[in-house]
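The values are calculated or read from the model by the stated rules, or taken from the named source; none is laboratory data. Since the model is a prediction, treat every value here as computed from it, not as a measurement. Here the Cβ is made from the backbone with ideal geometry for all residues, glycine too, and neighbour counts use every protein chain on show. Side chains included, ligands, DNA and RNA excluded: accessible areas come from the protein's heavy atoms. Shrake-Rupley method; radii C 1.70, N 1.55, O 1.52, S 1.80 Å.
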Amino acid sequence: MSRSTKITDLENQRKEIDKSIEQIQSECSHQSSSIKNILTGSQFKLKMVCNDCSLELRYPTKSEMDEYLS
């Protein structure tokens with residue numbers, strides 16, 4: 001198997017995995033979340049993330065940030 005064929009196979013697997021993750025996240029009710037450091041581009045940002053499916057939900061509020069940092 002050539003390198004380009006291996007890469008194509010891996011890219012196809014990644015697409016299937018991404019679809020599976022999206023399906024799981026769309027079915028999740030996001031009942032529980034916590035603040036996590038998320039890499040966006042070349043910098044980290046604090047975001048609220050679902051504890052069950054790892055979906056980035058939103059930015060934390062000021063009070064959530066204060067509680068997190070104390």
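Key figures for this structure:
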| quantity | calculated |
| --- | --- |
| For the chain, calculated [θ]222 nm from helices alone, where every DSSP H run of n ≥ 4 adds -39500 (n - 2.57) | -15500 deg cm²/dmol |
| Portion, in percent, of the accessible area of the chain that falls on carbon or sulfur, probe 1.4 Å | 50 percent |
| Square roots of five times the Cα gyration tensor eigenvalues for the chain, Å | 33, 16, 7 |
| Charge dipole magnitude, Cβ of K and R +1, D and E -1 - the chain, Cα centre, debye nearest 20 | 320 debye |
| Average accessible surface area per residue within the chain, 1.4 Å rolling probe, Å² | 82 Å² |
| In the chain, lysine pairs with alpha-carbon atoms under 19 angstrom apart (chain gap of 8 or more, or interchain) | 6 |
| At R0 = 30 Å, FRET efficiency that the Cβ-Cβ distance of ILE38 and THR5 yields, to 0.05 | 0.35 |
